[in-house]
Ligand SMILES: [Ca+2]
């Protein structure tokens, strides 16, 4: 660690000390120089491999390797799938951004942390949690991030050596383009702009620049793309590939919602708006366009890795925080417990991934990524983590595995997925789907007496005593506490990514 790095680490440590004294309760995740000597020595020996951790916001299973939509165009993810393992039954722990990302980044379930809502102040709920990048920092890695990794304004200053974040996105001149009243960001349109002018591509180029350079320490680099999160605005070249009149809608069944508990459904408003204005095809085309744009940005990053000095020594993970519905069961967005909302992208490639090109059909969870990366990089595991390392499945995708995937909306709305079944419990009823015969979850078997035993077995897999802790809303925290999590550093110099502004200098 250089003297400059040591001084920066000291500054970070004193800031954290101050945060604790100020009542922020932030974890004392000291890096480098502030560590006990034994750990410092361990950190100094860290040699990698590096981690490239690519998150894609609101990306469902409409990518080539998962086959969720026949017209999707994701050539770069298709190519990555040939080099790594694609998990075809990977699920989020919550079908919305903040609780899903909190679980992924802390390795704890929502049913443990109580963080179920987008507005929940996750760091307030988990003041001592050591996040995934923090753990790597503790062991000698440099942790860098950009874009959206934690949710929105709830980034975590303690988790990064430096963070790259832009403010603002390009919008069409007049919105909403779809003219749906009160659409807010529920909109889609081509942008009359070059990719290089857009935030996600600039993020990709920032990461690419870093990946092309030599570094004195192994890195954990998180790249969090915003699209295909709403609004679906992307350069016209991507929209041109998906003419709406030729775009296929997701398969639906009349009366599909008649056999589900009322509280399983969220809202019909979006569906009425989209179908009432005759724009279902346009919306689907808009989402596919933004997926294609995300894939192109991922391609930029992966090409830079391939061209640079770290190609053979970097674990690549591509993940999404939850799925997205586009009219299945008359639902749009996420926030439900069905397959299209709970299923996520999880692809892993690089050192330690022997089963190149394989698909793994075991049920895995986003919170398995933390222990997996720790395992692949040879770091000590953390006892509190609730996931399980996927390493055996990266060697043999058919290896024995009996861990189901659990997704929670709150303590009383929760689902469990096994390789064959999905069982969901709501305050006003249950659902049971047999994926061997009903992959679209059209026929709820929960009231069929023939499946009573199956239901009992699946119910036993749901969280015991799920947390009902009341988590304060981030927006309600005093300004000084909100500020502790803010990593709003503005633009780092694009021309010299080694010249990162230490967080301390940008926060004070
Ligand atoms: Ca149904």
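Bear in mind these aren't lab numbers, they're just calculated from the coordinates by the rules spelled out. Because the structure is a prediction, the values reported are computed rather than measured. Heads up, the Cβs are rebuilt from the backbone with ideal geometry, glycines too, and the neighbour counts pull from every protein chain shown.
For the pair residue 381 and residue 272, what calculated FRET efficiency results from E = 1/(1 + (r/R0)^6), where r is the Cβ-Cβ distance and R0 = 41 Å, to the nearest 0.05?
According to the calculation, E is roughly 0.25.
Can you compute the equivalent ellipsoid semi-axes for region 3-507, i.e. the square root of 5 times each eigenvalue of the Cα gyration tensor, sorted largest first and rounded to whole Å? Intermediate values should be presented prior to the final figure.
On the way: eigenvalues 240, 143, 104 Å².
Over the Cα atoms of region 3-507, the ellipsoid semi-axes are 35, 27, 23 Å.
Can you compute the helix-only [θ] at 222 nm over the chain? Use -39500 (n - 2.57) per DSSP H run of at least 4 residues, normalise by all residues, nearest 500 deg cm²/dmol.
Helix contribution divided over all residues of the chain: -8500 deg cm²/dmol.
At a threshold of 8 angstrom on Cα-Cα distance, excluding pairs fewer than six apart, so keeping six or more, what relative contact order does region 3-507 reach in percent?
25
Report the antiparallel proportion of the DSSP beta bridges in the chain as a percent, rounded to a multiple of 5.
Of the beta bridges lying entirely in the chain, close to 45 percent run antiparallel.
On a 0 to 90 degree scale, rounded to 10, what angle separates helix 280-307 from the longest Cα axis of the chain?
30
How much length, in nm to one decimal, is gained on full extension between residue 356 and residue 262, taken as 0.36 nm per residue of separation minus their Cα-Cα distance?
29.5 nm
For residue 196 and residue 71, compute 0.36 nm times the residue count separating them, minus their Cα-Cα distance, and round to one decimal in nm.
42.5 nm is the gain from fully extending residue 196 to residue 71.
How large are Rg and Dmax for region 374-470 when only the alpha carbon atoms are used, in Å?
Every Cα atom of region 374-470 included, Rg and Dmax give 16.2, 49 Å.
Rank-order 431-439, 450-458, 70-78 by packing density, defined as the average count of other C-beta atoms within 10 Å over each peptide's residues, highest first.
Details: 431-439: 15.9, 450-458: 14.1, 70-78: 17.4.
With the highest mean Cβ count within 10 Å placed first, the list reads 70-78, 431-439, 450-458.
Assuming 0.36 nm per residue, please report the length gained on full extension of the stretch residue 428 to residue 236 beyond their Cα-Cα distance.
64.6 nm
Taking the Cα-to-Cβ direction at residue 476 and at residue 214 and moving 7 Å from each Cα, how far apart do the two end points lie in nm?
5.4
Using r as the Cβ-Cβ distance of residue 459 and residue 252, and R0 as 30 Å, what FRET efficiency do you calculate, to the nearest 0.05?
The pair residue 459/residue 252 has a calculated efficiency of 0.55.
Considering the alpha-carbon set of region 230-325 alone, what are its Rg and its Dmax in angstrom?
Taking only Cα atoms of region 230-325, I get Rg and Dmax of 18.3, 56 Å.
Rank-order 394-401, 102-109, 409-416 by packing density, defined as the average count of other C-beta atoms within 10 Å over each peptide's residues, highest first.
Working: 394-401: 15.5, 102-109: 27.1, 409-416: 20.8.
Top of the packing list down: 102-109, 409-416, 394-401.
Once both axes come from the Cα atoms, what is the angle between helix 97-106 and the longest principal axis of the chain, in degrees from 0 to 90, rounded to 10?
50
Specify the angular offset, from 0 to 90 degrees and rounded to the nearest 10, of the alpha carbon long axis of helix 3-21 from the longest principal axis of the alpha carbons in the chain.
Around 60 degrees separate the two axes.
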